[in-house]
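Accompanying notes for the structure given below.
The values are calculated or read from the model by the stated rules, or taken from the named source; none is laboratory data. The model shown is predicted, which means the values in this text are computed figures rather than measured ones. Methodologically, a virtual Cβ is constructed for each residue, glycine included, from the backbone with ideal geometry; neighbour enumeration extends over all protein chains shown.
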Amino acid sequence: MQKIFIISKKDREIRQIDAEIRKLKERKEALIERKEKIQNDVVRQKSLELSKRDWNNTNFPWSKKLQTVLTDVLKKESFRDHQLAVINAILSGEDTILVMPTGGGKSLCYQLPAIATKGLTLVVSPLIALIEDQIHGLQKLNIKAGMLTSSKTEQVKLAWDALDGKDDSVNLIYITPEFMKKSKRFMSKLQKAFNQKRVKLFAIDEVHCCSTWGHDFRPDYQFLGCLKAMFPGVPILGLTATATTKILDDVQKMLDIQSCLILRAPFNRPNLTYEVRRKPNDKENCLSMLSNLLKTRFAGKSGIIYTTTIKDAETLTKSLRDQGLKLGCYHAMLEPEVRSKIYHRWITGEYQAVIATIAFGLGIDKPDVRFVIHHCMSKSMENYYQESGRAGRDGKKATCIVLYRLADVFKLSTMVIGDKVGLQNLYKTLEYCLDASTCRRSIIATHFNETWSKKDCKEMCDHCLKNKKTETTDIAKYCKEIYQIIDKARLAENNLTLLKLVDAWYNKGAANLRVSTVPTPKFSRETAEAIIGFLLINGYLKEDFVFNAYANLSYLIRGPNASFIEDNDHKILFTHEEGLKL
């Protein structure tokens, strides 16, 4: 008995120590968080002081040369917002980050100084397709540029010759971070060029890829963290269309350019109309919707349709061609010559639209894109903003439509679960699609830490145009009903997909998944899916992932906020269109 008492006493002591350790860990985490905040505030203050300098004037030693090259070589009449300031800063030797919407003119910020002054500008870009497009554009202006890849092309030879100092007419060299990291030959030649004082700028496109908090984190981008140490004095220019404050802090630390100049262009694209449409579950109905849009609303207009996978892109292209539409399919697995042919047919108007994968993108600058349709929602708000931003680069009105259905979320979640914040980013996009009344622009602006007023939209989104009336309903009782279905499935060791859960809720599908005490909803399955989506993004439901040799699978289980439901006074307020009988 005495021994049992002693053991019990020791257990209590252990629990007390464990509780103290937890408190100390929480205290430590809080202190680390406060320390990082103070450090970030100091860095931001230095960046703010740097931004107060007048970088936008034309009194620099290089100002006249820049203006001459801008008009005579690049055929531009004037600078866009922030372009001159960025160029003056990097030519003054200042590390700079530019956050500017897609189509805002980021590439000119390194192309113009590279052409106008002597020395090498190294442009790090994530995709060969993006590089090829930029080189193609420069060639039209009779400007030589090189690129470094494993292939043997004229541009590759130009790049090596420029690095060796054999061809000083080439000042721009494009390279992917993967090639940069693996090529010892390149790094050796770059070091030699630096020692000869011929390296003047590193321009890092899509710089958000450096951050593990970014929506497109690329591990090989972290290799770029060595640039400051290896090439001191050479300024770094980071460019991105999408980056939150947290990501920018992370990028600066990774690249060792704290206190750099940060310039942000407004995120609002006033000429773009944003719209979310319910995507029909039936493939034929979905195809009919797309075909009708292209033949009526967008007849004779140029556009892009984004899909999730290569198979989706190819299948959708074939199906829409069978409807008499002229379309091209564009993805990473095509041969370069085939991509170039499709690109040319689209640019010249032979193809009305290009159907491209979200992962691969297009990376092209076609100013008269009048519509961008997402056949499947994007993996993040950053991705969506960037992809939809390919519309209306000429400043004229264009339309951005997302075709949304909840089933696509579970298709995408298995793709992003390996990313640090992949699921979190995906749910932000789901929240954007589910929202029943908020101005679409307001949601985008809030995501990127910008202030916004609904009146600024000027009825350029579906919610502001129709001014939908909404009401709010407590859906806690539906959450409890869903939990009954989930609990029964768990006890029977059955996994619930979205389809199985909705079927069981409507007393359909497998009989062993149904719960007799759960009444059949009187509202549509579409509304049921909206409720499930809302519960998911608010933590009442959670995805449970199972990985096997063939696929990654996602099932629905109780979420981290499930315990709140035990409180009968707890409410889950769901905003929806007025008139739904919930």
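Overview of values
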quantity: Residue among 203, 241 that alone is closer than 30 Å to residue 461 by Cα and either at pLDDT below 85 or of a type in the set (Gly, Ala, Ser) (or both); calculated: 241
quantity: Residue among 35, 64, 46 that is assigned to a helix (DSSP H, G or I), closer than 22 Å to residue 93 by Cβ, at pLDDT below 80 and not aromatic (Phe, Trp, Tyr); calculated: 46
quantity: Odd one out for residue 411 among (1) surrounded by fewer than 19 Cβ atoms within 10 Å (Cβ to Cβ); (2) under 14 Å from the mean Cα position of the chain (by Cα); (3) of a type outside the set (Phe, Trp, Tyr); calculated: (2)
quantity: Inter-residue pairs, beta-carbon under 6 Å, first farther than 16 Å from residue 244 by Cβ and in the range 425-445, second at pLDDT below 90 and among the hydroxyl-bearing types (Ser, Thr, Tyr), 6+ apart; calculated: 436/470; 437/470
quantity: Among (1) closer than 15 Å to residue 504 by Cβ; (2) β-branched (Val, Ile, Thr); (3) crowded, with 18+ Cβ neighbours inside 10 Å; (4) over 27 Å from the mean Cα position of the chain (by Cα), the one test that residue 572 misses; calculated: (1)
quantity: All positions within the range 119-163 that are part of a loop (DSSP other than H, G, I, E, B), modelled with pLDDT of 90 or more and out of contact with any strand residue (DSSP E or B) (no Cβ under 6 Å at 6 or more places or on another chain); calculated: 141, 142, 143, 144
quantity: Matching entry among 397, 468, 454, 458 (being modelled with pLDDT of 90 or more, surrounded by fewer than 18 Cβ atoms within 10 Å (Cβ to Cβ) and more than 17 Å from the chain's Cα centre (by Cα)); calculated: 397
quantity: Of all residues making up the range 300-326, the number that are touching a residue at least 60 places away in the same chain (Cβ under 8 Å) and under 19 Å from the mean Cα position of the chain (by Cα); calculated: 5
quantity: The range 277-286, subset more than 26 Å from the chain's Cα centre (by Cα) and part of a helix (DSSP H, G or I), residue farthest from residue 435 (Cα to Cα); calculated: 284
quantity: Qualifying residue in the range 165-177 (condition: of a type in the set (Phe, Trp, Tyr), out of contact with any Cys (no Cβ under 6 Å at 6 or more places or on another chain) and closer than 29 Å to residue 104 by Cα); calculated: yes
quantity: Residue check, residue 515 among the hydrophobic types (A, V, I, L, M, F, W, C), free of Cβ contacts under 8 Å to residues at least 40 places away in the same chain and within 30 Å of residue 439 (Cα to Cα); calculated: no
quantity: Any hit, the range 225-242, residues being outside any strand (DSSP E or B), of a type outside the set (Phe, Trp, Tyr) and under 18 Å from residue 127 (Cβ atoms); calculated: yes
quantity: Any hit, the range 522-533, residues being farther than 24 Å from residue 404 by Cα and free of Cβ contacts under 8 Å to residues at least 12 places away in the same chain; calculated: no
quantity: Residue check for residue 404: in contact with a Lys or Arg (Cβ under 7 Å, 6 or more places away or on another chain), among the aromatic types (Phe, Trp, Tyr) and closer than 21 Å to residue 136 by Cα; calculated: no
quantity: Options 491, 541, 498; residue that is over 21 Å from residue 581 (Cβ atoms) and surrounded by fewer than 11 Cβ atoms within 10 Å (Cβ to Cβ); calculated: 491
quantity: The range 327-350 - residue that is outside any helix (DSSP H, G or I) and more than 20 Å from residue 291 (Cβ to Cβ) and, of those, farthest from the chain's Cα centre (by Cα); calculated: 348
quantity: Close pairs (7 angstrom Cβ cut-off, 6 or more residues apart or separate chains): more than 15 Å from residue 254 (Cα to Cα) and surrounded by fewer than 23 Cβ atoms within 10 Å (Cβ to Cβ) in the range 183-211, at pLDDT below 95 and among the charged types (D, E, K, R) anywhere; calculated: 189/164
